[in-house]
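Input: a single structure, listed below in structure tokens.
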Amino acid sequence: MEETGAVFRKELVSKLLHLHFKDKKTKVSGDALQLMAELLKIFVVEAAIRSVRQAQAEGLARVDVDQLEKVLPQLLLDF
């Protein structure tokens, strides 16, 4: 499958995951990193889409951090 758009590097995903592991020796497989990178990508795209819709609902032509802050609670509940 061909990648389109931005992607999260495996090194970044690994560092993000390891920040939350209690045991520093925990290892993550390449497949798990790839899956988490895809989930992060989906999360970010969904946040962007919802932010655009929020801005449109407010009659704005541009998305600002305010719209992102308004939709983040929805995203955290959905995941």
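The values are calculated or read from the model by the stated rules, or taken from the named source; none is laboratory data. Just so you know, these numbers come straight off a predicted model, no measurement behind them. Virtual Cβ from ideal backbone geometry, glycine too; neighbours counted across all protein chains shown. Accessible surface areas use protein heavy atoms only, side chains included; no ligands, DNA or RNA. Shrake-Rupley method; radii C 1.70, N 1.55, O 1.52, S 1.80 Å.
Return the lysines within reach of LYS15: Cα separation strictly under 23 angstrom, same-chain partners fewer than 8 residues apart disregarded; answer none if there are no such residues.
Partners found: LYS24, LYS25, LYS27, LYS41.
Enumerate the calculated ³J(HN,Hα) couplings along segment 63-73 in order (Karplus 6.51 cos²θ - 1.76 cosθ + 1.60, θ = phi - 60°), each rounded to whole Hz, writing x wherever the residue is Gly or Pro.
After applying 6.51 cos²θ - 1.76 cosθ + 1.60, I find 8, 10, 4, 4, 5, 4, 4, 6, 8, 4, x Hz.
How big is D for the chain, in µm² s⁻¹ as a whole number, if Stokes-Einstein is applied with the Kirkwood radius of its Cα pairs at 4 °C and 1.567 mPa s?
Rounded to a whole number, D works out at 89 µm²/s.
If I compute solvent accessible area with a 1.4 Å probe over the protein chains, what percent of it on the chain is carbon and sulfur?
60 percent
Between LEU77 and LEU40, what is the spin-label point distance in nm, taking each point 7 Å from the Cα along the Cα→C-beta axis?
2.7 nm
Tell me, what is the per residue accessible area of the chain in Å², probe radius 1.4 Å?
83 Å²
Rounded to the nearest 500, what is the 222 nm mean residue ellipticity of the chain from helices alone, with -39500 (n - 2.57) per DSSP H run of 4+ residues and division by all residues?
Per the formula, -21500 deg cm²/dmol.
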